[in-house]
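Q: Starting off with a structure, shown below.
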Amino acid sequence: TTIDLMDASISELETAMEKGELTAEQLVQMYIDRINAYDKSLNLNSIITINSKALDEAKELDKERAAGKIKGKLHGIPIIVKDNYDVEGMPTSAGCKALKDSIAPDDSYAVKKLKEEGAIILAKANMSEFASSGSGGAVHNAYDTERTAAGSSGGTAVAITSNFATAGLGTDTGSSIRRPSSFSNLYGLRPSKGLTSIDGVVPLNGDRDVTGPI
């Protein structure tokens, strides 16, 4: 594709795919190439797991688009989710090495709704163990790797500001969507409790946890 994919919004990418200027497969491949090129080499450490089926899912969504079957407003859009969200067939470690082989049997509610709109879950983002630390763990700020990613959703924020996916999901108990977003020059939203589901999300404090976009 000849269009500029860096920092492109969901609506811009959807328009490009509608016009035939871009495919979901091309978009997924670009993001995977960027993750492989920069996440470890620049010491960002924002990604735990890449979805091995992401390219196949993108190809299938491209076929559906060609046939005039559009799932929703996120058709073919790659999304990264914090690794406390269950994604069917992928590990959910919640940032804990002891859970690196814990495979989710089904999707969390938020992930299920994203897929219904046509989103591709591209990868799982690194996080502080069980979202219990405000430091962001081993994730490093993309603008200065000697500085903090600022919160347990730091992996998602660093991944998105590094153009490893179009958008991402974090969780917020105290400020873990808002602080990482601000530290990575992004927009993050902590919804009012109850407006988004925490079903299928490893909790820190179920009475305070919310899921939200970055």
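The values are calculated or read from the model by the stated rules, or taken from the named source; none is laboratory data. Since this is a predicted model, take the numbers as computed values, not measurements. Cβ: placed from backbone, ideal geometry, glycine included. Neighbour counts: every protein chain shown. Heads up: the accessible areas ignore ligands, DNA and RNA and are worked out on the full protein's heavy atoms, side chains in. Shrake-Rupley method; radii C 1.70, N 1.55, O 1.52, S 1.80 Å.
Q: Can you tell me which of Gly95, Gly68, Gly89, Gly72 is in contact with a helix residue (DSSP H, G or I) (Cβ under 7 Å, 6 or more places away or on another chain), small (Gly, Ala, Ser) and either closer than 29 Å to Gly151 by Cα or open to solvent by 30 Å² or more (accessible area, probe 1.4 Å) (or both)?
A: None of the others qualify; the one that does is Gly95.
Q: Would you check which residues across the range 36-65 are surrounded by 21 or more Cβ atoms within 10 Å (Cβ to Cβ), in a helix (DSSP H, G or I) and not hydrophobic (A, V, I, L, M, F, W, C) and list them?
A: Asp39, Glu57
Q: Go through the range 109-214 and tell me which strands (runs of 3 or more DSSP E), entirely inside it, have 2 or more residues that are within 14 Å of Gly95 (Cα to Cα) and open to solvent by less than 50 Å² (accessible area, probe 1.4 Å).
A: Here the list reads 120-125, 167-172.
Q: From the set of residues in the range 1-35 that are polar (S, T, N, Q) and without any contact (Cβ under 8 Å) to a residue 40 or more places away in the chain, which is most open to solvent (accessible area, probe 1.4 Å)? Walk me through how you get there before you give the answer.
A: Step one: filter the range 1-35 for residues polar (S, T, N, Q), giving 1-2, 9, 11, 15, 23, 26, 29.
Remaining after also requiring without any contact (Cβ under 8 Å) to a residue 40 or more places away in the chain: 1-2, 11, 15, 26, 29.
On the way: Thr1: 77, Thr2: 143, Ser11: 78, Thr15: 59, Gln26: 77, Gln29: 69 Å².
Within the range 1-35, the match that is most open to solvent (accessible area, probe 1.4 Å) is Thr2.
Q: Determine which member of the set Leu5, Leu44, Leu27, Leu74 is within 30 Å of Ser176 (Cβ to Cβ), at pLDDT below 95 and not charged (D, E, K, R).
A: Just a single option satisfies the conditions, and that option is Leu5.
Q: Consider Gly95 carefully, then state whether it is more than 16 Å from Ile160 (Cβ to Cβ), at pLDDT 95 or above and part of a loop (DSSP other than H, G, I, E, B).
A: no
Q: For the range 64-89, how many residues meet the condition of being hydrophobic (A, V, I, L, M, F, W, C) and within 16 Å of Ser46 (Cβ to Cβ)?
A: 3
Q: Pull out all pairs, ordered by first then second residue, where Cβ-Cβ is under 7 Å, the residues are six or more apart or on different chains, the first lies in the range 105-134 and is closer than 18 Å to Ile160 by Cβ, and the second is part of a helix (DSSP H, G or I) and of a type in the set (Lys, Arg).
A: Within 7 Å, no pair qualifies.
Q: Taking only pairs six or more apart or across chains, which ones have beta-carbon atoms under 8 Å, a first residue in the range 159-186 that is on the phi > 0 side of the Ramachandran plot, and a second residue that is modelled with pLDDT under 95 and among the charged types (D, E, K, R)?
A: Matching pairs, first to second residue: Asn163/Asp7.
Q: Mind checking which residues of the range 171-202 are within 15 Å of the chain's Cα centre (by Cα) and closer than 21 Å to Ser11 by Cα?
A: Ser181, Leu186, Tyr187, Gly188, Leu189 - these are the residues of the range 171-202 that are within 15 Å of the chain's Cα centre (by Cα) and closer than 21 Å to Ser11 by Cα.
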